[in-house]
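One structure is given here, and the rest of the page talks about it.
What follows is calculated from the coordinates using simple rules that are stated; it is not laboratory data. Remember, it's a predicted structure, so these values are computed and weren't measured experimentally. Cβ placement follows ideal geometry from the backbone for every residue including glycine, while neighbour counts extend to all protein chains displayed.
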Amino acid sequence: MKALAKFSLSIPWLQMQQGQPYPLHCAVENVFEEKIKGTISVQVSEAVKVEPQTVELRSDKGEKRSLDFQVTAQKKFPTGSTIPVTFTADFGPKPRLSKTVHIEVQPEWLICGPFPNPKTDPKAKDSGIVPDTGLAADYLLERGGESRIEPEEGWTHSSESVQEKKVKWQKYTLDKRGFLDFRHTLTPNRRVVAYASGYLYSDKEKTAVLKIGSDDGMKIWLNHQLVFNRHIHRGAHLDQERVVVKLKKGMNPCLVKVDQGLWAWGFYLQVDSE
């Protein structure tokens with residue numbers, strides 16, 4: 001147990017993209033009473049490339065070493081799936097140490113918006129406008145509504161937030177940190193709401209945790225069921241809140257809705273099934 005505790009792995013909060021290297025860091029400390037000699041090897045599927053695959057290691061008593069590896073997905077994995085990567089330390093007669101990490105594949109999203117999120121003018125007490133109602137309003141009724149829709153790229157919806165009075169579903173690629181940034185993608189970007197639609201893949205039926213963060217309020221539908229609803233004004237951070245959900249085997253449709261006040265606007269969503 002002492003030796004195992006000194007064999008650690010570090011994975012940055014990034015989401016793997018096809019063809020792009022993903023960094024992994026392996027730290028090893030020699031806790032034995034003598035020098036050790038052996039190898040650190042990495043096992044992945046045939047669809048994943050790792051460099052280097054094996055590293056020879058010589059370490060004096062008490063010495064600490066840090067090893068860097070790069071993992072690259074050679075093919076397109078189902079959105080929302082995870083890629084297991086196993087590190088094994090073999091030092092001859094010493095106990096073999098092994099640890100596995102799971103790297104999330106970047107989800108593919110469609111986004112649509114903006115839609116109205118009106119705010120009452122404090123000087124107009126009789127305006128009749130109810131403030132911050134965008135999160136509660138269903139703007140997707142033309143296509144079956146929020147709890148039923150599985151949109152396709154190019155579908156349109158009516159919106160009073162844009163001059164054309166129509167907005168459409170368009171593809172969006174997350175940044176490496178996994179943030180979906182509505183503010184720098186959609187205009188106007190104040191007093192509005194928007195949607196993101198994607199699919200979370202699971203190789204089997206299981207319980208999972210959605211680790212989320214949003215700026216501002218957020219709703220999430222998974223498999224057409226509302227699983228999260230928080231009307232709040234805040235900045236988005238990784239892993240602000242967690243929601244326990246059930247995933248079906250295969251693709252699980254996921255719809256996210258986020259409202260906006262004035263500044264940053266977007267969300268994080270990471271699936272953790274370990």
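When the chain is treated as a Gaussian network with alpha carbon springs shorter than 10 Å, the biggest mean-square fluctuation among 137, 73, 264 belongs to 137. Overall shape of the chain was characterised from the C-alpha gyration tensor. The equivalent ellipsoid obtained from it has semi-axes of 46, 19, 15 Å, in decreasing order. Is the range 121-274 best put as rounded, prolate or oblate by its Cα gyration tensor, with a ≥ b ≥ c the root eigenvalues, rounded for a/c under 1.5, and otherwise prolate when a/b is larger than b/c, oblate when not? Note, shape of the range 121-274 comes out prolate.
Checking the Cα-Cα distances for 206/257; 64/204; 99/257; 166/206 against a 29 Å cut-off, the pairs over it are 64/204; 99/257; 166/206. Extending 7 Å from the Cα toward the beta-carbon at both residue 138 and residue 199 defines two label points whose distance is 2.4 nm.
Between residue 252 and 200, 201, 202, the built amide H atoms are under 5 Å apart, and every one of these is 5 or more places off in sequence or on another chain.
Under a model in which nothing but the beta-carbon of Lys, Arg (+1) and Asp, Glu (-1) is charged, the range 186-266 shows a dipole of about 200 debye around its Cα centre. Working note: Karplus 6.51/-1.76/1.60 with θ = phi - 60° gives the range 81-96 the couplings 7, 10, 10, x, 10, 10, 9, 10, 9, 10, 10, x, x, 6, x, 6 Hz, where Gly and Pro are set to x.
Could you tell me the distance between the Cα centroids of the range 43-65 and the range 233-274, to the nearest Å? If you average the Cα positions of each part, the centres end up 34 Å apart.
Comparing 190, 177, 96 in a Gaussian network model of the chain where C-alpha atoms under 10 Å apart are linked, the largest mean-square fluctuation is found at 96. Restriction of the trypsin sites (Lys or Arg not before Pro) in the range 200-233 to DSSP coil positions whose beta-carbon has at most 13 other beta-carbons within 10 angstrom yields 204.
The alpha carbons of the range 172-235 occupy a box of 40, 26, 19 Å along the principal axes, longest dimension given first. Remark: relative contact order (the range 130-274) = 29 percent; criterion is Cα-Cα distance under 8 angstrom and separation of 6 or more residues. Here is the list for the range 38-103: GluC sites (Glu not before Pro) lying in DSSP coil, each with at most 10 other C-beta atoms within 10 angstrom of its C-beta, are 46.
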